[in-house]
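So the structure is just underneath, and the comments pick up after that.
The values are calculated or read from the model by the stated rules, or taken from the named source; none is laboratory data. Note that this is a predicted model, so its numbers are computed, not measured. Note: ideal-geometry Cβ built from the backbone for every residue, glycine included; neighbour counts use all protein chains shown.
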Amino acid sequence: MAQRLFVFGLGYSAMALVRRLNDAGGWTIAGTSRSDEGVARLAQAGIDAFRFASDAPLNDAGLGALAETTHVLSSVPPDEDGDPVLRLHGPAIAASDAIWIGYLSTTGVYGDTGGDWVDESAPVQPSGPRGERRAAAEKDWRALGGGKLPVHIFRIAGIYGPGRNALAQLRAGTARCTDKPGHNFSRIHVEDIAAALAASMAKPNPGAIYNRRRDPMSSPSRPACSGLSPRLLFRSRQRSCRRWRRASMPTTAGCATTASSRSSALRSTIPITRRDCARSLKPESDAGDAR
């Protein structure tokens, strides 16, 4: 049987899966984007592309592709009214030929555990509105078709990969350093997400829930940045601080005023947050302010 994947919200993570499937061969890919420009980009990549948004359901051609699909993946987040995919096309998905259905959720559904470890059996107790909406969406996906459909839930940690990482943020001057000693972050590379999805598609386990993160855990970005080029960090500092300064900071002193050019100073202090930028803009002495 021909294998067909239909992706609601074919973006960064799902595209990594599409590349993997295309390399393997034997797949027909269809997917959606919220904008006409996004649809055009997907079409240029050889994907059967359709527009879909909370206020723009699939057209007849899109519904036809969905009806014939063997695998369905959704990375579309829920809104205040619930999951837009299920709201607009839940019955169509339930009536399709899908032998595998995947939903990309978040580890945020576990809420604040006070530093305790969690696994797939841990209770879902989100601590904010976004997590609550995600938890509700998971429940709705699992209940699709009376709970008899091959639904798989993937709780994803913070995603990084090409173009989405600390180096890219530093170059763009948009990075933020988190100074929380002893605090670790759950992250996962986009290709690891694609590998997990492909493995699940090859061997479905209906009703399964998977937590996906890298091992070991990541420490805050300050230590990770310690070996980077001082010139790169200095430029990122300047760009970040200039943005804050244009928005709300005094203009009496520039970021370069207190930014040491010495490698050791730059590596131990990466002023990327607003607080750090404010510190850079504050003159250290009368003489320093006069430079």
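Across the stretch 1-23, the qualifying residues are those that are assigned to a helix (DSSP H, G or I) and out of contact with any helix residue (DSSP H, G or I) (no Cβ under 8 Å at 6 or more places or on another chain), and the one among them that is surrounded by the most Cβ atoms within 10 Å (Cβ to Cβ) is A14. Do we find a residue being outside any helix (DSSP H, G or I), buried (at least 21 other Cβ atoms within 10 Å of the Cβ) and either in contact with a Lys or Arg (Cβ under 9 Å, 6 or more places away or on another chain) or among the basic types (K, R) (or both) anywhere in the stretch 84-97? Within the stretch 84-97, none of the residues are outside any helix (DSSP H, G or I), buried (at least 21 other Cβ atoms within 10 Å of the Cβ) and either in contact with a Lys or Arg (Cβ under 9 Å, 6 or more places away or on another chain) or among the basic types (K, R) (or both). Candidates are the residues of the stretch 155-182 that are touching a helix residue (DSSP H, G or I) at 6+ places or on another chain (Cβ under 7 Å) and among the hydrophobic types (A, V, I, L, M, F, W, C); the one that is modelled with the highest pLDDT is I156.
Just need a number here: residues in the stretch 196-213 that are part of a loop (DSSP other than H, G, I, E, B) and either crowded, with 18+ Cβ neighbours inside 10 Å or in contact (Cβ under 8 Å) with a residue 40 or more places away in the chain (or both). Break it down stepwise before answering.
So the first thing to find is which residues in the stretch 196-213 are part of a loop (DSSP other than H, G, I, E, B), and the list is 203-208, 213.
Those still in the list that are either crowded, with 18+ Cβ neighbours inside 10 Å or in contact (Cβ under 8 Å) with a residue 40 or more places away in the chain (or both) too: 204-208, 213.
Final tally of qualifying residues: 6.
If you filter the stretch 62-83 down to residues that are among the aliphatic types (A, V, I, L, M) and either modelled with pLDDT under 95 or closer than 21 Å to M15 by Cβ (or both), you find that the one that is surrounded by the fewest Cβ atoms within 10 Å (Cβ to Cβ) is A65.
Pairing residues of the stretch 88-105 that are over 19 Å from A136 (Cβ atoms) and modelled with pLDDT of 95 or more with residues that are of a type in the set (V, I, T) and surrounded by fewer than 23 Cβ atoms within 10 Å (Cβ to Cβ), at Cβ distances under 6 Å and at least 6 apart in sequence or on separate chains, gives I99/T70. On inspection, W117 fails the criterion of being crowded, with 18+ Cβ neighbours inside 10 Å and either outside any helix (DSSP H, G or I) or in contact with a strand residue (DSSP E or B) (Cβ under 6 Å, 6 or more places away or on another chain) (or both). The residue pairs whose first member lies in the stretch 111-132 and is under 12 Å from I209 (Cβ atoms), whose second member is in a loop (DSSP other than H, G, I, E, B), and whose beta carbons are closer than 9 Å, counting only pairs six or more residues apart or on different chains, are E120/A208; A122/T113; A122/D116; V124/G111. Among the residues of the stretch 1-40, the ones that are at pLDDT 95 or above and under 12 Å from V76 (Cα atoms) come to 9 in all.
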